[in-house]
């Protein structure tokens, strides 16, 4: 086993729990405030990008055996992290939006 790649660490578990509790409390505090929640999502995405590019990538193993071990751990522990972006169509579902130039937008509908 390669200690630097151990995903089962009591210290890491506690740090993550504290961090997640803070994020969830912040999100709940601003429930209903789409601007604040969007800012939170943007910050989470930025932190994800920074950790991936500045810390994770440089920490990758430099030999096949350790890299294979890491890949096995990634697969066993839930796969690769992904932050999904909302599609514009998903936002538009929440609006009563009518394309410009239709009868309804002219008040004739």
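The values are calculated or read from the model by the stated rules, or taken from the named source; none is laboratory data. Not measured: the values here are computed from a predicted model. Heads up, the Cβs are rebuilt from the backbone with ideal geometry, glycines too, and the neighbour counts pull from every protein chain shown.
Show the residue pairs meeting these rules: Cβ distance below 8 Å; 6+ apart or different chains; first residue within the stretch 34-48 and at negative phi and part of a helix (DSSP H, G or I); second residue modelled with pLDDT under 95 and surrounded by 10 or more Cβ atoms within 10 Å (Cβ to Cβ).
Going by the 8 Å Cβ cut-off, the qualifying pairs are 44/83; 45/83; 48/81; 48/83.
Given the structure, is residue 30 more than 26 Å from residue 86 (Cβ to Cβ) and either surrounded by 10 or more Cβ atoms within 10 Å (Cβ to Cβ) or modelled with pLDDT under 95 (or both)?
It is false that residue 30 is more than 26 Å from residue 86 (Cβ to Cβ) and either surrounded by 10 or more Cβ atoms within 10 Å (Cβ to Cβ) or modelled with pLDDT under 95 (or both).
For the stretch 53-84, name all the residues that are without any contact (Cβ under 8 Å) to a residue 40 or more places away in the chain, out of contact with any helix residue (DSSP H, G or I) (no Cβ under 8 Å at 6 or more places or on another chain) and not in a helix (DSSP H, G or I).
Once the filter is applied, which keeps residues that are without any contact (Cβ under 8 Å) to a residue 40 or more places away in the chain, out of contact with any helix residue (DSSP H, G or I) (no Cβ under 8 Å at 6 or more places or on another chain) and not in a helix (DSSP H, G or I), the stretch 53-84 yields 62, 63, 78, 79, 82, 84.
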